[in-house]
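What follows is one structure encoded as structure tokens, with my remarks underneath.
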Amino acid sequence: MKQNLGYRIGMQTRRFVHWFSVWEKEMQQQGVPRWVTKMPLYLCIAATVGLLLVGAFFIAIFLALMVVVAFFLLGMAEGVKKGSDHEYLMGYQAMGPEGPGTYVAGKKVSDDDEDLS
């Protein structure tokens, strides 16, 4: 019967811990001190916790980068929406800085100055 992923990982972890405890008992029967047999277990736990912390750190950096990019894009969108004062207006503008009319190089030309070249 096929179980879900969490169940299978839990079973593999349980088998590993059981195998490790059997290995510890055998080593202790051969005269190895208890603290030496516990050292690999502590190293595995420390490595797992360390990898989880590093992963959380990289996720936090990625999320912070996404927030910065979002603010940057939002600022660009507002800048495009408002328009720039340094931008040259060409042709007819219904909402130009000097009112509706025809603009050349950012300046409004009157109806008398129809030379747009």
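The values are calculated or read from the model by the stated rules, or taken from the named source; none is laboratory data. It should be emphasised that the depicted structure is a prediction, and the values quoted were computed from it without experimental measurement. Positions of Cβ are generated from backbone atoms using ideal geometry, with glycine treated the same way; all protein chains shown enter the neighbour counts.
Annotations
- Neighbours by Cβ (under 7 Å, 6+ apart or cross-chain): first from segment 20-38, part of a helix (DSSP H, G or I); second of a type outside the set (S, T, Y) and surrounded by 11 or more Cβ atoms within 10 Å (Cβ to Cβ): F20/L41; R34/Q28; T37/E24; T37/M27; T37/Q28
- Residue in segment 38-47 that is surrounded by 10 or more Cβ atoms within 10 Å (Cβ to Cβ), among the small types (G, A, S) and within 27 Å of the chain's Cα centre (by Cα) present: yes
- Only listed residue being within 16 Å of the chain's Cα centre (by Cα), closer than 30 Å to M95 by Cβ and surrounded by 10 or more Cβ atoms within 10 Å (Cβ to Cβ), chosen from F72, F57: F72
- Residue ID - surrounded by the most Cβ atoms within 10 Å (Cβ to Cβ), chosen from residues in segment 75-102 that are at pLDDT 75 or above and not in a loop (DSSP other than H, G, I, E, B): T102
- Within segment 1-16, considering residues that are loosely packed, with under 10 Cβ neighbours inside 10 Å and of a type in the set (A, V, I, L, M, F, W, C), the one modelled with the highest pLDDT: L5
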